[in-house]
Structures are given as C-alpha cells and as structure tokens.
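**Q** Below is the structure I would like to discuss, written out as structure tokens.
The values are calculated or read from the model by the stated rules, or taken from the named source; none is laboratory data. Keep in mind that what you see is a predicted model, and the values were worked out from it rather than measured. Neighbour counts are summed over all protein chains in view; Cβ atoms, including those assigned to glycine, are modelled from backbone coordinates with ideal geometry.
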Amino acid sequence: MMVSSMNQVSETQNPKLLKVDFMAKKKDGLKLIVDGKRLDGRAADQLRPVRIEAHVLNDANGSAYVEWGKNRVLAGVYGPQECIPKHDASPYGALIKCRYTMASFCSLEEHGRSGPNRRSIEISKVMTDAFKSVIFTEYYPKTQIAVFVEVLQSDGGTRCAAINAASVALVDAGIPMRDMVTAVAFAKVDDQIVIDAAKEEDNFGQADVPVAIGANSKEILLLQMDGILSKEEMQQGMEYAYSAAEYLHRLQKDALERVFTTTAQEKKETFLRM
Amino acid sequence: MMVEVLGAIKKETLKAFLVKQERFDGRKFDEYRPIEIQQNAAPNAEGSALVHLGKSQVLCGIKFGVGAPYADTPDEGVLSTMVELLPLASFTFEPGPPSPEAIELGRVVDRGIRSAKIIDMGKLKIDDEHVLMLYLDMYVLDHDGNLFDACTMAAMRALLDTQLPKVEEGKIIFGEHTGKLDVSGIVTTSTFAKIDGSLLLDPTLDEQLAMDTRLTIGVMGDKAVSMQKGLSGALTREELFQLLDIAKAKHGELVKYINL
C-alpha cells in the first residue's frame with residue numbers, strides 16, 4: 001500500500017527501554033547509540049513506524065490521526081467559520097488559529113494539567129505561522145480557520161506529528177492551500193546526527209531540530225533548535241530531514257487518497273488500532 | 001446560532017417521526033446505538049479505554065499522583081474525575097476552561113462511581129501524610145450525543161484495567177506496577193431524552209438538540225446509584241419509574257460490553 005524509500009523498523013517493544021533509569025543514565029553515561037544502533041534498534045537515518053489516517057472524525061470539517069512510534073495525535077479542522085471574537089477578524093483574510101494541547105494522561109510520567117501551558121502555546125504559535133504561509137487566507141476575509149490538535153500519547157516528536165496531522169486535516173477540510181506541510185525533527189545523540197529522536201534521545205541528546213518543509217516548494221516553514229551543532233552537522237541533519245519529509249509527504253497523500261477508496265467499515269477498523 | 005436554527009428545523013421533522021414511533025436512525029425507543037470498546041487505547045496511562053457509542057467517541061485515561069489526603073478522609077486516597085470536551089469533537093465545543101456542561105458530565109460520572117463504592121479508597125493510602133490521587137480523565141473525541149453513557153463506559157473499562165503504580169519513599173516509579181486496582185463492581189448509566197412526551201434511550205446529538213428534558217440513571221446490579229435530570233422540561237413520577245425499569249434492564253447489556 002505504501003511505497004517506502006526509508007526503512008522502517010518494526011515497533012519492537014523493548015521492556016528494557018521503559019526501565020532505563022534516567023538519572024542513573026546521566027551518571028553512568030549509558031550509551032544511546034551502541035554499534036551504530038539506537039536504543040530502539042534504528043539506524044541513524046531511520047524513522048519510527050508512521051501511520052496516517054485522514055477523515056477520522058464525524059463532526060469536524062476535516063480531521064486526521066497520526067501514529068508515529070508511540071506518539072498518537074488527533075487533529076480536527078473547523079472553518080472557514082465566523083471569527084470569534086469578532087474584533088479579531090481581518091478584512092484581508094481568514095485568521096488561522098492552531099491549538100496544540102496534550103491529554104493529561106499522554107505521558108509515561110506524571111499526570112499533566114489539561115489545557116494549554118507556555119510550551120503548548122509556543123508550539124501553537126509556530127504551527128500557526130507555518131500554515132499561514134501555505135493557506136490561501138485571502139479567499140476568506142473576516143473568517144477564522146481553527147485547527148485543533150490533541151496529543152493522546154507522547155513519546156518525543158509530538159509537534160512534528162501534530163503538524164503532519166494538521167496538514168492532512170486541512171486538506172481533508174477542503175481548505176485551499178498552495179502546498180502541504182510536512183514536519184520531521186533531526187537530533188544529535190551521542191555525537192551523531194540522527195533523524196526523528198524518540199523520547200530518551202530527545203531528553204538526553206545534545207541537540208534537537210524540528211523542521212517543517214513545504215512538500216512542493218521545499219521551503220522551510222518552521223524551524224526550531226535547541227542544543228549545539230556545527231554547520232556540517234546541520235547539513236547532515238537537513239539531508240536526513242528532506243528525504244524523510246519526502247517519504248512522510250507520500251504517507252500524507254496516501255492517507256487522503258484512501259478517504260475516497262475506503263469504506264466506512266474498513267476505516268473504523270483502522271482508526272485508533274492499538 | 002447555527003445550532004439553534006438547525007435544531008429548530010430538525011425538531012419538527014423529528015417530532016413527526018416520533019408520532020409514527022420512529023427515530024431518524026431506525027432504532028427502537030429503548031435501543032442503544034452500536035457500542036464498541038477498545039482496551040488500553042492510551043498505553044502510557046495506568047489504565048485506558050476508547051468507547052465508540054454510535055458516532056460518539058470518548059477516550060478515558062487514568063494516571064496516579066501522590067498528594068495529601070482531604071482533612072475529612074485522612075485514610076483515603078483521592079479520586080478526581082474530569083471530562084474534557086475537546087474543541088475538535090464538535091463545532092459547539094470551544095477552547096477554554098471547562099464549561100458547565102463538561103463539569104456536569106464529569107460530576108455525574110464521578111457520582112455513579114463514588115456512590116457505588118466500587119473502589120476501596122482506603123487502599124490508596126500510602127502513609128499518614130501521603131495518599132494516591134487517582135486522576136480519571138475522559139476526553140471526548142467526537143460528539144454525537146449521549147456523552148454521559150459513553151463516558152461512564154470508558155471510565156469503567158479503564159478502571160477495570162488500571163494497574164497500581166509502584167511507590168517508593170512517597171514517590172511513584174512510573175512504568176512499574178504492583179498489581180491491579182481493586183474494582184468491586186460495574187456501574188453503568190442510561191441516559192434518556194424526553195421529546196414531546198416520547199422517551200428515547202441513548203439520544204443522538206440531533207435528538208439532544210430537540211429534547212425538552214434529559215435524565216441519566218446510574219445502575220449497579222439491581223440498584224440505582226445515581227441520577228441527574230437536565231434541562232428545563234419536566235418528568236412525571238410514572239415516567240421516572242418507567243425509565244428506572246429500562247435503565248435496570250439495560251444494565252446487564254452494558255455490563256457485557258464493558259466486560260468484553
């Protein structure tokens with residue numbers, strides 16, 4: 001069904017992985033990469049398994065569900081609709097309102113507080129900025145397009161999963177766009193550049209760089225970074241990110257195509273299959 | 001606004017159907033929509049379940065925390081029940097702090113579970129200063145009516161699968177468990193809509209927009225454990241007992257779905 005240029009590892013549930021004592025790891029200097037293999041058995045340029053489904057919700061104008069390794073993300077789009085509050089409305093075009101939030105039970109650790117926090121508000125903002133540049137907002141003055149993304153389960157890389165889900169949901173909602181957006185992060189772990197850092201790599205890596213790329217324009221629409229990287233490392237990471245984004249974009253398109261070729265029953269069986 | 005207009009138009013059609021003893025989706029008045037429950041839908045949580053009730057979808061996840069007991073129950077753990085009406089689930093749900101609807105939903109689910117005493121809260125005590133806080137959170141992913149029953153089913157299935165976390169020196173070791181949470185019974189709720197004198201079990205969103213009154217009855221075994229009437233309409237005493245009989249009759253059916 002899916003054409004894959006990148007090798008995917010099967011999702012091997014490594015019980016040891018769960019029990020890595022993070023504080024002990026810091027002290028003992030436990031390796032995140034051993035013999036060229038990462039904790040979950042991936043090579044440096046390998047993505048975790050990714051599954052994308054479009055049109056999974058009943059009420060939203062457009063929706064998508066993304067499983068990316070252990071991440072599970074649900075996106076719903078409403079609009080163009082009346083802009084609320086009205087004084088926010090622009091006569092020049094639709095307002096894009098992205099809202100990224102995490103479920104209180106999404107992480108392996110503590111119970112989280114529901115609703116937005118400083119981190120999720122920042123992610124919502126950079127997502128909004130990324131989508132503003134590809135949506136034909138000028139077609140719908142004085143309206144808003146609301147993009148809601150809920151992280152149901154997190155394992156490092158949720159903002160990229162969220163952007164990929166939102167992009168599919170926007171297309172599913174029939175919002176006219178110049179381009180689709182595909183996001184992936186690269187990281188520096190144990191002095192090596194790797195694509196798509198999982199949670200442990202993210203927490204104990206040396207750098208993390210989420211990138212969102214216009215699928216056709218190949219322009220960078222979102223870029224964040226924390227950590228220290230040389231120019232060469234950055235170039236290596238971008239190589240990985242661009243080829244991963246190409247593959248992910250194909251999954252996004254496949255998901256949208258399946259909306260028209262899959263029956264309701266088949267769809268129900270695939271949604272939230274766990 | 002849009003909801004009100006659509007509701008008003010559909011209400012007339014719906015009433016014409018009800019006169020003929022029919023519903024939009026062809027169900028009998030005392031019939032549930034198809035129910036499907038998936039276990040362990042959010043594996044990072046200590047217990048979780050996803051419920052499909054017709055087109056309504058609710059994901060329940062349970063996490064634990066450590067906290068101080070309430071002054072009036074110093075030897076018991078704390079149960080916190082919350083319902084999130086995600087804005088992606090319906091165009092009528094807006095982002096922001098919990099709405100009165102979300103709070104009512106959470107409290108009704110909580111009431112059934114709490115008053116049936118199916119969780120031994122004493123077992124959640126750690127020491128004199130610390131108890132386990134059980135966070136029972138329900139996320140509405142898709143809204144097509146009757147969230148009360150969907151939330152209760154999701155909560156029950158998640159509770160039945162909940163693993164107790166390992167606690168060392170007053171701290172939770174996440175990812176490690178000491179066994180299952182003791183749950184001594186299964187509570188179900190049945191929610192009815194009254195429209196023009198007709199009583200409908202498991203109302204869809206269309207039916208809810210047209211209803212005059214709503215009644216939710218929580219049942220365990222052959223006893224009622226909670227009730228909540230909603231909206232401004234009224235019920236007669238005869239209707240109440242009629243609905244209580246239906247709720248009790250439906251309890252066994254719902255328990256089968258929850259027990260899988």
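**Q** Please work out which residue is surrounded by the fewest Cβ atoms within 10 Å (Cβ to Cβ), limiting yourself to the stretch A:32-76 and to residues that are among the small types (G, A, S) and within 16 Å of A:C160 (Cβ to Cβ). I'd like the intermediate steps shown before the answer.
**A** Here is the first cut: in the stretch A:32-76, the residues among the small types (G, A, S) are A:36, A:41, A:43-44, A:54, A:60, A:62-64, A:69, A:75-76.
Imposing the further condition that a residue be within 16 Å of A:C160 (Cβ to Cβ) reduces the set to A:64, A:69, A:75.
Numbers: A:A64: 31, A:G69: 21, A:A75: 31.
Per the criteria, the residue is A:G69.
**Q** While we're on this one: Of all residues in the stretch A:218-261, which are buried (at least 17 other Cβ atoms within 10 Å of the Cβ) and not in a helix (DSSP H, G or I)?
**A** Within the stretch A:218-261, A:L221, A:L222, A:L229 meet the criteria.
**Q** Find the residue count for the stretch B:161-212, including only residues that are among the polar types (S, T, N, Q) and closer than 30 Å to B:G233 by Cα.
**A** The initial filter retains those residues of the stretch B:161-212 that are among the polar types (S, T, N, Q), namely B:162-163, B:178, B:184, B:188-191, B:198, B:204, B:208.
Then keep just the ones that are closer than 30 Å to B:G233 by Cα; that gives B:188-191, B:198, B:204, B:208.
Of the residues in the stretch B:161-212, 7 are among the polar types (S, T, N, Q) and closer than 30 Å to B:G233 by Cα.
**Q** Another question about this same structure. Just checking, which of A:A161, A:A165 is buried (at least 24 other Cβ atoms within 10 Å of the Cβ), among the small types (G, A, S) and within 14 Å of chain B (Cβ to nearest Cβ)?
**A** On the way: A:A161 fails: within 14 Å of chain B (Cβ to nearest Cβ).
Exactly one residue qualifies, and that residue is A:A165.
**Q** If you check A:D172, A:D196, A:D155, A:D191, which single one turns out to be more than 12 Å from chain B (Cβ to nearest Cβ) and at negative phi?
**A** Working: A:D196 fails: at negative phi; A:D155 fails: more than 12 Å from chain B (Cβ to nearest Cβ); A:D191 fails: at negative phi.
The conditions single out A:D172.
Yes/no matrix, rows are residues, columns are (1) modelled with pLDDT under 90; (2) in contact with a strand residue (DSSP E or B) (Cβ under 7 Å, 6 or more places away or on another chain); (3) outside any loop (DSSP other than H, G, I, E, B):
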position	(1), (2), (3)
A:M1	yes, no, no
A:M6	yes, yes, no
A:S10	yes, no, no
A:L18	yes, yes, yes
A:K25	yes, no, yes
A:A44	no, yes, no
A:E53	no, yes, yes
A:L57	no, yes, no
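**Q** Now a separate question. What's the number of the only condition in (1) away from chain B (no Cβ under 12 Å); (2) over 19 Å from the mean Cα position of the chain (by Cα); (3) surrounded by fewer than 20 Cβ atoms within 10 Å (Cβ to Cβ); (4) not basic (K, R) that A:I84 fails to meet?
**A** Among (1) away from chain B (no Cβ under 12 Å); (2) over 19 Å from the mean Cα position of the chain (by Cα); (3) surrounded by fewer than 20 Cβ atoms within 10 Å (Cβ to Cβ); (4) not basic (K, R), the lone unmet condition for A:I84 is (1).
**Q** A:A215 passes all but one of (1) within 27 Å of A:L30 (Cβ to Cβ); (2) surrounded by fewer than 24 Cβ atoms within 10 Å (Cβ to Cβ); (3) of a type outside the set (S, T, Y); which number fails?
**A** Result: A:A215 fails condition (1) only.
**Q** Here's a follow-up. Out of the residues in the stretch A:67-76 meeting the condition of being within 8 Å of another protein chain (Cβ to nearest Cβ) and in a strand (DSSP E or B), tell me which one is farthest from A:M180 (Cα to Cα).
**A** Residues of the stretch A:67-76 within 8 Å of another protein chain (Cβ to nearest Cβ): A:70, A:72, A:74-76.
Next, from what is left, pick out any that are in a strand (DSSP E or B): A:72, A:74-76.
Details: A:R72: 20, A:L74: 17, A:A75: 15, A:G76: 16 Å.
So, considering only residues that are within 8 Å of another protein chain (Cβ to nearest Cβ) and in a strand (DSSP E or B), the one farthest from A:M180 (Cα to Cα) is A:R72.
**Q** Okay, moving on. Could you go through the stretch A:250-268 and let me know if any residue there is modelled with pLDDT of 95 or more and in contact with a Lys or Arg (Cβ under 7 Å, 6 or more places away or on another chain).
**A** no
**Q** So, B:C151, is that one away from chain A (no Cβ under 13 Å), within 21 Å of A:M102 (Cα to Cα) and at pLDDT 95 or above or not?
**A** On the way: away from chain A (no Cβ under 13 Å): yes; within 21 Å of A:M102 (Cα to Cα): yes; at pLDDT 95 or above: yes.
Taking the combined requirement at face value, the residue satisfies it.
**Q** Only one of (1) at pLDDT below 90; (2) assigned to a strand (DSSP E or B) fails for B:E36. Which number is that?
**A** Of (1) at pLDDT below 90; (2) assigned to a strand (DSSP E or B), only one is false for B:E36: (1).
**Q** Do we have A:A64 as modelled with pLDDT of 90 or more, assigned to a strand (DSSP E or B) and within 13 Å of chain B (Cβ to nearest Cβ) here?
**A** On the way: modelled with pLDDT of 90 or more: yes; assigned to a strand (DSSP E or B): yes; within 13 Å of chain B (Cβ to nearest Cβ): yes.
Taking the combined requirement at face value, the residue satisfies it.
**Q** Follow-up question, since we're still on this one. Look through the stretch A:88-135, keep the residues that are within 11 Å of chain B (Cβ to nearest Cβ) and among the small types (G, A, S), and return whichever of them is surrounded by the fewest Cβ atoms within 10 Å (Cβ to Cβ).
**A** Here the answer is A:G115.
**Q** Does B:E94 satisfy the criteria of being within 30 Å of A:E82 (Cβ to Cβ), modelled with pLDDT under 95 and not in a loop (DSSP other than H, G, I, E, B)? Lay out the reasoning, then the answer.
**A** On the way: within 30 Å of A:E82 (Cβ to Cβ): yes; modelled with pLDDT under 95: yes; not in a loop (DSSP other than H, G, I, E, B): no.
Against the criterion (within 30 Å of A:E82 (Cβ to Cβ), modelled with pLDDT under 95 and not in a loop (DSSP other than H, G, I, E, B)), B:E94 does not qualify.
**Q** Quick one: which of B:S56, B:S48, B:S115 is in contact with a Cys (Cβ under 8 Å, 6 or more places away or on another chain), polar (S, T, N, Q) and touching a residue at least 60 places away in the same chain (Cβ under 8 Å)? Show your work before the answer.
**A** Values: B:S56 fails: in contact with a Cys (Cβ under 8 Å, 6 or more places away or on another chain); B:S115 fails: in contact with a Cys (Cβ under 8 Å, 6 or more places away or on another chain).
Sole residue among the options that is in contact with a Cys (Cβ under 8 Å, 6 or more places away or on another chain), polar (S, T, N, Q) and touching a residue at least 60 places away in the same chain (Cβ under 8 Å): B:S48.
**Q** Then there is this: Considering B:S56, B:S48, B:S115, which residue is at pLDDT 90 or above, touching a Phe, Trp or Tyr at 6+ places or on another chain (Cβ under 8 Å) and surrounded by 14 or more Cβ atoms within 10 Å (Cβ to Cβ)?
**A** On the way: B:S56 fails: touching a Phe, Trp or Tyr at 6+ places or on another chain (Cβ under 8 Å); B:S115 fails: touching a Phe, Trp or Tyr at 6+ places or on another chain (Cβ under 8 Å).
Only one candidate qualifies: B:S48.
**Q** Having 1 or more residues that are closer than 28 Å to B:T81 by Cα and in contact (Cβ under 8 Å) with a residue 60 or more places away in the chain is the bar; report the helices (runs of 4 or more DSSP H) wholly within the stretch A:92-208 that clear it. Working first, answer last.
**A** On the way: elements: A:118-132, A:158-172, A:199-204.
Qualifying helices (runs of 4 or more DSSP H): A:158-172.
**Q** Within the stretch B:145-181, track down each residue that is out of contact with any Asp or Glu (no Cβ under 7 Å at 6 or more places or on another chain) and among the charged types (D, E, K, R).
**A** B:R157, B:D161, B:E168, B:E169, B:K171, B:E176, B:K180 - these are the residues of the stretch B:145-181 that are out of contact with any Asp or Glu (no Cβ under 7 Å at 6 or more places or on another chain) and among the charged types (D, E, K, R).
**Q** So if I check each of B:S48, B:S115, which one is more than 21 Å from A:T101 (Cβ to Cβ) and among the hydroxyl-bearing types (S, T, Y)?
**A** Working: B:S48 fails: more than 21 Å from A:T101 (Cβ to Cβ).
Being more than 21 Å from A:T101 (Cβ to Cβ) and among the hydroxyl-bearing types (S, T, Y) holds for just one of B:S48, B:S115, which is B:S115.
**Q** Regarding the stretch A:205-218, can at least one residue be identified that is farther than 16 Å from A:Q252 by Cβ and among the hydrophobic types (A, V, I, L, M, F, W, C)?
**A** Of all residues in the stretch A:205-218, those farther than 16 Å from A:Q252 by Cβ come to A:205-210.
In the following step, the residues that additionally are among the hydrophobic types (A, V, I, L, M, F, W, C) were identified as A:207, A:209.
Yes, the conditions are met somewhere in the stretch A:205-218.
**Q** Here are some residues: B:D110, B:D137. Which one is within 16 Å of the chain's Cα centre (by Cα), assigned to a strand (DSSP E or B) and in contact (Cβ under 8 Å) with a residue 12 or more places away in the chain?
**A** B:D137
**Q** Filter the stretch B:61-91 down to residues that are in a loop (DSSP other than H, G, I, E, B) and either at the interface with chain A (Cβ under 8 Å from one of its Cβ atoms) or hydroxyl-bearing (S, T, Y) (or both), then give me how many there are. Spell out how you get there, then give the answer.
**A** In the first step, residues of the stretch B:61-91 are kept if they are in a loop (DSSP other than H, G, I, E, B); the result is B:68-77, B:86-91.
From the residues that got through so far, the ones that are either at the interface with chain A (Cβ under 8 Å from one of its Cβ atoms) or hydroxyl-bearing (S, T, Y) (or both) too are B:70, B:73, B:86-91.
Looking only at that region, the number is 8.
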